[in-house]
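As structure tokens, the structure follows; a few thoughts come after it.
The values are calculated or read from the model by the stated rules, or taken from the named source; none is laboratory data. None of the values given here were measured: they were computed from a predicted structure. Please note: Cβ atoms are built from the backbone with ideal geometry, for glycine as well, and neighbour counts cover all protein chains shown.
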């Protein structure tokens, strides 16, 4: 089952710029899907199309099993391009206004639901403070609280930790993890590799308007070959052994020799080193990190930690 799916979803602006180029999204139900890419790669434009804020030039999409947004959107919480609230109202009053505008919400439970949402993002103590007095991090938390006024089956969040301090970032990540554990699907747009690595189960990688890869985090990592690393006082001799085994991209630096692991078993590498009397102080098979995976998929990198 997929919570979000698209076929050939495309957005071409009047200038001729193709912001999103025929992408086929498949967001598994119950997953935390990291929609990853540098700023300007087409993530926000895609999200705006998914939510019906702009019309696609071509293609189609479905949310929660239906292509009728009027049926799906009451079950979807979203945060797009940062929070927007009335500056002269308190945090609680802003949420009360949003809740009152929702025709499907029960007014009798509004107070309890608003307080629960504020409490969940750590703003209950500041609920009476005017929005204009909120810090950037508090404003971001209030925007997330707005998505939690009712139980949601799907959350679509565009850079939800933007502007948060480290503690606030950890709290938001814990909220998203908890929502996913409760059965909700989270589509999280971000340019932070560390964010994806910590909380996401699945990833879609955007590059210049194209979806260049998607799948589980483990499957995408498997596309990038691991490396063997030998720590030794004789790196040149170790490099020669690695080359003799047919390993590619052999390199030697001070006290370290490395190579792509390929299909050679690690125990065979160690046995060959011992057989050639190469002193080994340490041996490891290094799985590629997320940055290496991204570079392998797109040919370029971007800010890892923001």
Restricting attention to region 121-159, which residues are over 18 Å from residue 79 (Cα atoms) and assigned to a helix (DSSP H, G or I)?
124, 125, 126, 132, 133
Could you say which residue among 194, 189, 135 is within 15 Å of the chain's Cα centre (by Cα) and surrounded by fewer than 20 Cβ atoms within 10 Å (Cβ to Cβ)?
194
Restricting attention to region 186-202, the residues that are modelled with pLDDT of 85 or more, under 22 Å from residue 82 (Cβ atoms) and not in a helix (DSSP H, G or I) number exactly 6
Complete set of residues in region 34-64 that are in a loop (DSSP other than H, G, I, E, B), touching a helix residue (DSSP H, G or I) at 6+ places or on another chain (Cβ under 8 Å) and over 13 Å from residue 158 (Cβ atoms):
52, 54, 55, 56, 64
Return the total of residues in region 105-132 being within 22 Å of residue 81 (Cβ to Cβ) and more than 26 Å from the chain's Cα centre (by Cα).
2
Filter region 15-29 for residues that are more than 23 Å from residue 185 (Cβ to Cβ) and either outside the structural domain of residue 40 (by TED's automatic domain parsing) or not in a strand (DSSP E or B) (or both); which is nearest to the chain's Cα centre (by Cα)?
17
Give region 203-259 a look and list any residue that's within 36 Å of the chain's Cα centre (by Cα), surrounded by fewer than 21 Cβ atoms within 10 Å (Cβ to Cβ) and assigned to a helix (DSSP H, G or I), or say none.
217, 218, 219, 221, 222
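Taking the criterion of being within 21 Å of residue 193 (Cα to Cα) and modelled with pLDDT of 90 or more, would at least one residue in region 56-73 satisfy it?
Start the filter on region 56-73 by keeping residues that are within 21 Å of residue 193 (Cα to Cα), which leaves none.
Checking region 56-73: not a single residue is within 21 Å of residue 193 (Cα to Cα) and modelled with pLDDT of 90 or more.
Pick from 42, 8: which is touching a strand residue (DSSP E or B) at 6+ places or on another chain (Cβ under 6 Å), at pLDDT 95 or above and at positive phi?
Numbers: 42 fails: at pLDDT 95 or above.
The match here is 8.
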